[in-house]
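What follows is a set of notes on a single structure, which appears directly below.
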Amino acid sequence: MENGVKLTDLPSQPFGDQQPGTSGLRKKVTVFQQPGYLENFVQALFDQLHGPGQSAAGQTLVLGGDGRYYNRVAIQTLLRMAVARGYDRVLVGQGGILSTPAVSAVIRRQRASGGIILSASHNPGGPAGDFGIKYNGANGGPAPESLTSAVYQRTRSIDHYLSCDLPAVGIDQLGSQTLGQTVVEVIDPVADHAAVLRELFDFDAIRALFARGFRLRYDAMWAVGGPYARALLEGELGAPAGTVVHATPLEDFGGLHPDPNPVNAAELVACLFAADGPDMGAASDGDADRNMVLGRGFVVAPSDSLAVLAAHAHLVPGYRQGLAGVARSMPTSTAVDRVASALGIPCHETPTGWKFFGNLLDAGQVTLCGEESYGTGSNHLREKDGLWAVLFWLNLVAVTGESVEQLVRGLWRAHGRCVYSRHDYEAIPLAQAERLISELRASLPALAGQTIAGQTIAWADDFAYTDPVDGSRSERQGVRLVLADSSRVVLRLSGTGTEGATLRVYLERHEPDPARHDLPLQQALAPLAALAEAVARICHHTGRDQPDVMT
Ligand code: G1P
Ligand code: ZN
């Protein structure tokens, strides 16, 4: 066949579940290592994008990953399949590296048709860890549910894939090579993303902040955020060498869990709480779309971070015109709602997962958006963006002269504090989790008006969302128990885990009284945790009387 293009049969037994979750297809590395497994998914994706067996001539594909174990193998597989499909151009990050926000930036700036991100985000990596793949469209954002479910359907029916014989393609030197009909271009992973960020923030003000001796510690968690943070913070903004730590992407993230929360980034938290610690701390996750921000001796809750950024956005060059609107995922605290109402702008509540922000951003209805799970972003891209959030905070600190803690306390003073915590119960046997949720759903109609564990439930439902732009409907997105004073308990099952099920319980209580803003978090939320237990009977179903992680 022309250019060595060949059809390879797929195993006659279909692969197990290739249904993408909250953000793409995520499985153990060993699952991805099955012969034909990745190819099956990619063939289904390309068939869905271009028509079964059809050519991708005229199209540009962006390709990169977070550098985890199996990244380099998967890149070669994808290159062979993309060349066989006849893509005009494939833009590969040097060394196979592209963070999730960088893929979004490259797609948009290079007017690509879409991009493939190889990542399991914040999940651990290495031979016994996780791997993942997700597709982003021409707007730079995650594929909508309509595409991912069509791809999933197709994964179940195809029996061969299109590939070609190629010697291993060099991806470590910048430059172009022509393979079949395709120009494979190895690109600088940082350039496009940096160009986008440069247009948004006052780099001179941030440079002056560092020149005045402001100290930041950015923990890249041995993941893909390192090269980006180094290039901008140390290379361009004058932060001292060593500001970015754990900056080299490792295939197994140093054996750690590259998820920036106070539990997994305990070392960073300890630094910020130490005598003479830095002024600000930050961390990003495996694929660098998540962020955590800390002040000296102070942890910023992601929901508060979004609200602070929204409240002060007009101080940052890229948002000087003000915000069209904001959006948050349903379980995210209502702090940003309060800011939006004071600003007189709309606040949208969407299901969990970044893909639900895409239409609102594309339609210009929303400028900033975020999730409680350490994700914040804006209309500059169609992904959450860890480094963006850190630069936003630095810009605010630089131009207001306030510390990170002062900015958050200002938010609480103006709007009260949304006291908030998420409790995760991990690796629950699937059947137990499903029984818990289905019994909970069945109990919903009778809950309104009931007093349980001393709390009176005003209303309860299972969150459903109609996209205001395309009218698509997403149901069963999380159970909400809401009290008369607007306190909330939300329960849902994770869509990103790879081992059993993870139950997430989100607790929120609004505290207007400044004298009570510093009460211990879990103590302030204990009545809501008791309500969650009484209604969902977590201990009865799972045998667990404590969550594995509280953030
Ligand atoms: C989790 C977070 C969600 C985020 C997703 C991808 O999904 O809760 O906010 O969008 O990771 O980073 P979950 O595991 O809860 O389905
Ligand atoms: Zn991530």
Evaluate the charge dipole of the range 495-551 about its Cα centre and quote only its size in Debye, nearest 20, assuming +1 on the Cβ of each Lys and Arg and -1 on the Cβ of each Asp and Glu. 160 debye
If the chain between Ala324 and Ser472 were fully stretched, how many nm would it gain, using 0.36 nm times the residue separation less the Cα-Cα distance? 51.1 nm
Calculated from DSSP H runs of 4 or more alone, at -39500 (n - 2.57) each and per residue, what is the 222 nm mean residue ellipticity of the chain, nearest 500? -9000 deg cm²/dmol
Can you list the lysines whose alpha carbon is less than 17 Å from that of Lys28, not counting same-chain residues fewer than 8 positions off? Lys134
Once amide H atoms are built 1.01 Å from N in the peptide plane, which residues 5 or more positions from Val245, or in another chain, come under 5 Å H to H? Tyr218, Asp219, Ala220
Evaluate the relative contact order of the range 1-147 (contact order divided by residue number), counting alpha-carbon pairs under 8 angstrom at least 6 apart; express in whole percent. 27 percent
So if I average 1/r over every pair of distinct C-alpha atoms in the chain and take the inverse, what Kirkwood radius in Å does that give? 24.0 Å
In whole Hz, with x marking every Gly and Pro, tabulate ³J(HN,Hα) for the range 230-235 from phi via Karplus 6.51 cos²θ - 1.76 cosθ + 1.60, θ = phi - 60°. 4, 4, 7, 6, 7, x
Using θ = phi - 60° and the Karplus form 6.51 cos²θ - 1.76 cosθ + 1.60, what ³J(HN,Hα) does each residue of the range 28-42 get, whole Hz, x for Gly and Pro? 4, 3, 4, 5, 5, 7, 4, x, x, 5, 5, 4, 4, 5, 5
Could you name the aspartates and glutamates in cross-link range of Lys27, using Cα to Cα under 14 Å and dropping any fewer than eight places away on the same chain? Asp17, Asp130, Glu499
Calc'd 3J(HN,Hα), the range 60-74, phi into Karplus 6.51 cos²θ - 1.76 cosθ + 1.60 (θ = phi - 60°), Hz, glycine/Pro = x, comes to 10, 10, 9, 9, x, x, 8, x, 5, 3, 5, 4, 5, 5, 5
Mean separation of Cα contacts under 8 Å, 6 or more apart, over the residue count of the range 428-472: relative contact order %: 24 percent
Using Cα atoms only, what is the angle between the long axis of helix 302-312 and the major principal axis of the chain, expressed in degrees (0 to 90) to the nearest 10? 80 degrees
Approximate spin-label separation Gln177-Leu430, in nm, with each point projected 7 Å along Cα-to-Cβ: 4.1 nm
Any idea what angle helix 430-443 forms with the longest principal axis of the chain, computed on alpha-carbon atoms, 0 to 90 degrees, nearest 10? 50 degrees
Keeping every protein chain in place, order His415, His517 by accessible area at 1.4 Å, biggest value first, i.e. largest first. His415, His517
For the Cα atoms of the chain, what angle does the longest principal axis make with the long axis of helix 404-415, in degrees from 0 to 90, nearest 10? 60 degrees
Computed over the chain, the relative contact order (Cα-Cα under 8 Å, seq sep at least six) in percent reads 13 percent
The range 191-278 - percent of accessible surface contributed by carbon and sulfur, probe 1.4 Å: 56 percent
How far is it, in nm, from the label point at Asp252 to the one at Leu166 when both lie 7 Å from their Cα along the line to the Cβ? 3.0 nm
Say each of Ala211 and Thr30 gets a label point 7 Å from the Cα, pointing the same way as Cα to Cβ; how far apart are those two points in nm? 5.6 nm
The answer for the range 196-255, accessible area per residue at 1.4 Å probe in Å², is 40 Å²
Between Asp548 and residues 5 or more places away or on another chain, the pairs with built amide H atoms under 5 Å apart involve Asp424, Tyr425, Glu426
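Let me check I've understood the local charge: for Leu61, count other residues with C-beta under 10 angstrom from its C-beta, Lys and Arg +1, Asp and Glu -1. What total comes out?
So the environment of Leu61 carries a net charge of +1.
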Relative to the Cα centre, what is the charge dipole magnitude of the range 84-161, using +1 at the beta carbon of each Lys and Arg, -1 at the beta carbon of each Asp and Glu, and rounding to the nearest 20 debye? 260 debye
Of the accessible area of the range 335-410, with the probe set at 1.4 angstrom, what percent is carbon plus sulfur? 42 percent
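The values are calculated or read from the model by the stated rules, or taken from the named source; none is laboratory data. The structure displayed is predicted, hence computed values, not measured ones. We place every Cβ from the backbone using ideal geometry, glycine too, and count neighbours over all the protein chains shown. With ligands, DNA and RNA removed, areas are computed over all heavy atoms of the protein, side chains included. Shrake-Rupley method; radii C 1.70, N 1.55, O 1.52, S 1.80 Å.
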